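Working notes for the structure below.
The values are calculated or read from the model by the stated rules, or taken from the named source; none is laboratory data. Quick caveat: nothing in here was measured; it's all calculated off a predicted structure. For neighbour counting, all protein chains shown are included, and Cβ atoms are generated from backbone atoms with ideal geometry for every residue, glycine included.
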Ligand code: AGP
């Protein structure tokens, strides 16, 4: 997720663009840049936060321009890869939020046509596509170039010979702010509320031409669109959270898009990634901390089911000081920040032991990506809440993709099985949206149990790690003592803790462990514990065993951790809300643990 702003008006563009851009820094902050139409096109960009750009950039005269703050998804966070990106003549510049999934073939075609590239980004391809189509009208050149692009985008384009911004939107947000003798463009209203509260939201497929005193929108069929401005009454803080009360809730609700973006351009091709070609790993070891460790535990079940490769999972701080094993597994390091000290230490230890290493990270250019042999990036966008939510779910997506690579490589996965996986992966955003639609019900249920001091989470098989993750979310943001167990372990000690005061949350989807789960639920309810279960819609048996149930649409068991964890994220969030906890910044913990 990146931040885009634009200005066309009667005032100097540079200070206004910077002021607007700073409001979007929560959308991405690894590099930033500005392009201003003055004496021709003036462009300046730099690696690092917006403050770095502001300290380094020269005065640039001009009353129209665009600016961008980046969260890298394609191309490392360097100055060369920072937006805006220009065409060959440096006559026009583009900023982009989204992913051009067919950028490689477009790039090859443009190189053949003699275009010269200055970056590794997908975005630069669009600058050259517009250049190739430009014959006078900028909007029509952009509209023609868009016909070649696949993927998601919010584009803003300027050309040095006109005080006009052309914007286009497909699945990445763009809003036009209407001023007096000036108009604005941004990824979201947060950036513009200082200057105007009159907003016109662009819709998918539309192209807009913005000048200081005009806004012209055409739709995907080239028809002119008239749209009344909306008046925004949000405060600035509310706007930064997209109207949600907390970043954590916003990020929980961003998960359908995060899954979609993490899959984009990665499930169409049946060709394995070069890294995996010729590598037949006899075992896999996944190493991580916290929530990422729980994702790794789910990954074990996924990899063993899809590739038959024995897989173990270890906490980073344990792995790095454990005795050296004789096996030489593929070591997978899961870390959303890419900066967790223990996981970085584990990656170095793994390489020292001669293992091949793969990283699963959410931050392009983070330390882990420089340590491993290959990185699978999640595309969750920045996660501001300390509690990991959308990064967990996109880590699972990365693990499905990894397991499919391994299973294809060692022929454990047939082409038919792979196609079935692709269909189910494509359905995940909707499965998550179905859970999000139940948020009010989950909140009402959480309110009933928010006064508990202790709360236990049980699951079996692939949903045992989900129980652990639900417990971690609950404990870290509601401060209720949440603890997760494999359901089969209750009789080996934890039952001693069970009482009428300790609600038990049971992940009881109808998979091969379901009957055993019913037995475990009976064990705890017989001792008076209220039981809240997560089950598949249409299950008429489960209600006979539990006090409350939250239903999810039936899904192949290997995918069930995705909707079930979203239930537990909401459960934890609403417990914390009922208890008046800070939620986004829980006590005693930080978003990234860069010390041992
Ligand atoms: C999860 O909600 C916590 N914020 C924490 O456990 C986190 O998952 C852990 O510190 C690992 O972080 P990483 O994914 O950035 O390595």
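General observations
- Of residues in the stretch 356-374 being at pLDDT 95 or above and surrounded by fewer than 20 Cβ atoms within 10 Å (Cβ to Cβ), the one nearest to residue 251 (Cα to Cα): 374
- Condition check for residue 589: in contact (Cβ under 8 Å) with a residue 40 or more places away in the chain and either in a strand (DSSP E or B) or closer than 18 Å to residue 392 by Cα (or both): yes
Every residue, every condition in (1) buried (at least 24 other Cβ atoms within 10 Å of the Cβ); (2) away from the ligand (no atom under 16 Å from the Cβ); (3) part of a strand (DSSP E or B), yes or no:
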{"residue": "425", "(1), (2), (3)": "no, yes, no"}
{"residue": "429", "(1), (2), (3)": "no, yes, no"}
{"residue": "434", "(1), (2), (3)": "no, yes, no"}
{"residue": "458", "(1), (2), (3)": "yes, yes, yes"}
{"residue": "467", "(1), (2), (3)": "yes, no, no"}
{"residue": "471", "(1), (2), (3)": "yes, no, no"}
{"residue": "489", "(1), (2), (3)": "no, yes, no"}
{"residue": "499", "(1), (2), (3)": "no, yes, no"}
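- Single match in 228, 240, 273 (criterion: free of Cβ contacts under 8 Å to residues at least 40 places away in the same chain and more than 16 Å from the ligand (Cβ to nearest atom)): 228
Residue-wise test of (1) in contact with a helix residue (DSSP H, G or I) (Cβ under 7 Å, 6 or more places away or on another chain); (2) within 15 Å of the ligand (Cβ to nearest atom); (3) touching a residue at least 24 places away in the same chain (Cβ under 8 Å).
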{"residue": "328", "(1), (2), (3)": "no, no, yes"}
{"residue": "333", "(1), (2), (3)": "yes, yes, yes"}
{"residue": "337", "(1), (2), (3)": "no, yes, yes"}
{"residue": "356", "(1), (2), (3)": "no, no, yes"}
{"residue": "362", "(1), (2), (3)": "yes, yes, yes"}
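- Unmet requirement for residue 142, which otherwise passes all of (1) touching a helix residue (DSSP H, G or I) at 6+ places or on another chain (Cβ under 9 Å); (2) in a helix (DSSP H, G or I); (3) over 21 Å from residue 173 (Cα atoms): (3)
- Residue 448 surrounded by fewer than 22 Cβ atoms within 10 Å (Cβ to Cβ), within 13 Å of the ligand (Cβ to nearest atom) and at pLDDT 95 or above: no
- Residue that is closer than 22 Å to residue 448 by Cβ, surrounded by fewer than 19 Cβ atoms within 10 Å (Cβ to Cβ) and over 19 Å from the mean Cα position of the chain (by Cα), where the choices are 572, 578: 578
- Unique match (being buried (at least 21 other Cβ atoms within 10 Å of the Cβ) and either at pLDDT below 95 or not in a loop (DSSP other than H, G, I, E, B) (or both)) among 158, 149: 158
- Counting the residues of the stretch 344-354 that are touching a residue at least 40 places away in the same chain (Cβ under 8 Å) and more than 13 Å from the ligand (Cβ to nearest atom) gives 1.
- Residue list for the stretch 310-326, restricted to those being within 25 Å of residue 565 (Cα to Cα) and either buried (at least 20 other Cβ atoms within 10 Å of the Cβ) or away from the ligand (no atom under 16 Å from the Cβ) (or both): 310, 311, 312, 313, 316
- Residues in the stretch 375-398 that are in a loop (DSSP other than H, G, I, E, B) and either within 12 Å of the ligand (Cβ to nearest atom) or surrounded by fewer than 23 Cβ atoms within 10 Å (Cβ to Cβ) (or both): 378, 380, 382, 383, 384, 385, 386, 387, 388, 389.
- Residue within the stretch 545-565 that is within 22 Å of the chain's Cα centre (by Cα), under 23 Å from residue 497 (Cβ atoms) and within 15 Å of the ligand (Cβ to nearest atom) present: no
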